[in-house]
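To start, the structure under review is shown below, and the notes come after it.
The values are calculated or read from the model by the stated rules, or taken from the named source; none is laboratory data. Since the structure is predicted, the reported quantities are computational estimates derived from the model, not experimental observations. For neighbour counting, all protein chains shown are included, and Cβ atoms are generated from backbone atoms with ideal geometry for every residue, glycine included. The accessibility values were calculated without ligands, DNA or RNA, using every heavy atom of the protein model including side chains. Shrake-Rupley method; radii C 1.70, N 1.55, O 1.52, S 1.80 Å.
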Amino acid sequence: MRARNLQPETRIGYGWDSHEFVKGVPLKIGGITLAHDKGLGGHSDGDVLLHAITDALLGAIAAPDIGSLFPPSDPRWKGADSVVFVREALNRVEEAGYAISNIDSTLILVEPKIGAHRGAIRKRVSELLSVEEDAIGIKAKTPEGMGTDEAAIAHVTVLLKRAGVRKRTGRSAIK
Ligand code: MG
């Protein structure tokens, strides 16, 4: 019988998230604040792209998902900066012996138009994940015929490559 391959050369991950537009909160997408008359509601800062990236990273190593690690019922995550979630997922990826090969994403929202902000989002995500900007795909579409004009949606895929086990450098946000 063949041995189970516990640490394959590559692993793929997929994440999806949606948040509703609400008045009175800043719009955070990909770790930056975009000028807009509405933001994304939710327990944390509502950063739909960072949440989908977090779930893609966690999914790639078959770890528990963002809602299990950072439950909305926990007051610690109220208004939380979603960068905390990404860092935890990235730490777990590195502890599992993997590094990010590349990430691709699609945002689906009516407004604001992402084109003007694509470069800034890409730069910020690249900094957060410590990978080159050419390893980060940021695409955007409008939700034609989907009836989701009041929401922002993000789809993310990630490819990990084996990198050898590394000790956690950052402290876990989860006690
Ligand atoms: Mg979310």
### Task
Determine the gain in length on full extension of the stretch Met146-Arg76; use 0.36 nm per residue of separation and subtract their C-alpha separation, reporting nm with one decimal.
21.8 nm
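Might you tell me the accessible area per residue for the chain, computed with a 1.4 Å probe and given in Å²? Walk me through the intermediate numbers first.
Details: 9200 Å² over 175 residues.
I get 53 Å² per residue for this part.
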## Note on the structure
Once Ser68 and Asp104 are pulled to full extension, the length gained, defined as 0.36 nm per residue separation minus their Cα-Cα distance, is 10.6 nm
#### Entry: Centre separation in Å (Cα based) which lies between segment 16-39 and segment 75-131
14 Å
### Task
Give the ranking of Asp37, Asp104, Asp47, Asp134 by solvent-accessible surface, highest area first, calculated with a 1.4 Å probe.
Asp134, Asp37, Asp104, Asp47
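Relative contact order, percent, of the chain when contacts are C-alpha pairs under 8 Å separated by at least 6 residues?
Details: 366 pairs, mean separation 55.1, N = 175.
Result for the chain is 31 percent.
Could you work out what % of the accessible surface of segment 10-162 is carbon and sulfur, using a 1.4 angstrom probe and leaving DNA, RNA and ligands out of the count? Working shown, then result.
Working: 3570 of 6890 Å².
Carbon and sulfur together cover 52 percent of it.
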#### Entry: Per DSSP, loop GluC sites (Glu not before Pro) in segment 71-111 with at most 16 further Cβ within 10 Å
none
### Message
Starting from the 7 Å offset along Cα-to-Cβ, what nm value, one decimal, do you get for the label separation of Ala173 and Lys23?
### Response
3.0 nm
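Starting from 0.36 nm per residue, how many nanometres of slack lie between His36 and Trp16 once their C-alpha separation is accounted for? The partial results should precede the final answer.
Values: separation 20, 0.36 × 20 = 7.20 nm, distance 2.27 nm.
Between His36 and Trp16, full extension yields an extra 4.9 nm.
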#### Entry: Restraint check, Lys28/Lys78; Lys23/Lys141; Lys28/Lys139; Lys28/Lys123; Lys28/Lys113, Cα-Cα greater than 18 Å
Lys23/Lys141
